[in-house]
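*Asks:* Below are the structure tokens for one structure; questions will follow.
All of the numbers you see were taken from the coordinates with simple rules; none came from a lab. Model, not experiment: these values are computed from the prediction. A quick note on method: Cβ atoms are made from the backbone with ideal geometry, for glycine too, and the neighbour counts reach across all protein chains shown.
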Amino acid sequence: MEYIGASVTMIIETAGIFAPLVFIALHLVRPLLFLPVIFLCITGGVLFGVVPAIIYSLVGMTMSSLIFYKMTEKMPSTMHRFVRMKQKLLGKHSHFTTSQIAVLRLIPFIHFHLLSLCILELSKQLKDYMRASFVSNIPLAVIYTSIGQSITNFSPVMTGSMVIGALPVVYFMRRKEIYISWQDFFQPNETKKDVA
């Protein structure tokens, strides 16, 4: 990872005036290079400063989300595989709000596009998906870009306590719905007794 990090930093530093475009392009090819989103946000904060890096990261992550949306339209079989994987990992009835997804994006080991799939399931059309993606990307870009230097120095205990601290927030921001099966709702045996 250090070698890749040094290579990414060198590529961006040698790009000159095109460095922001190269940085945004790295966000787009990030899944192919197996680079974590957090790594790019931290690198952007170091190279560009906090405010420009937040803007570049938001543009890059939002465009990456758009590419994911278009790919799911073009490859429905792959989309169904993603949905099955999500159901295995998170359960069949797990539906998150945009606020919950924004908090979950802050946890380093949760896959970026798995959460994009959750946003896709919430959205009715592309405009809703893009708005929710943008909003859920803001905390990730702001936090990891602005305090990126200090996060890399956190101990495993500190990182674990931050994750445990985020879990109650996710719980309280959940969508409050009750699922009743068709058989439980109608109960055909009791209705026959009532009629008789």
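*Asks:* Bin width 5 Å, origin at 0, all Cα-Cα pairs of the stretch 70-110: what percent of pairs per bin?
*Replies:* 5, 20, 17, 25, 25, 7
*Asks:* Starting from 0.36 nm per residue, how many nanometres of slack lie between LYS124 and THR14 once their C-alpha separation is accounted for?
*Replies:* Full extension from LYS124 to THR14 adds 35.4 nm.
*Asks:* Taking 25 Å as R0, compute the FRET efficiency from the Cβ-Cβ separation of LEU21 and VAL51 and round it to 0.05.
*Replies:* After rounding to 0.05, the efficiency reads 0.90.
*Asks:* How large is ³J(HN,Hα) for each residue in the stretch 35-43, as worked out from phi by the Karplus curve 6.51 cos²θ - 1.76 cosθ + 1.60 (θ = phi - 60°), to whole Hz, x for Gly and Pro?
*Replies:* Listing the rounded values in order: 9, x, 4, 4, 4, 5, 5, 5, 4 Hz.
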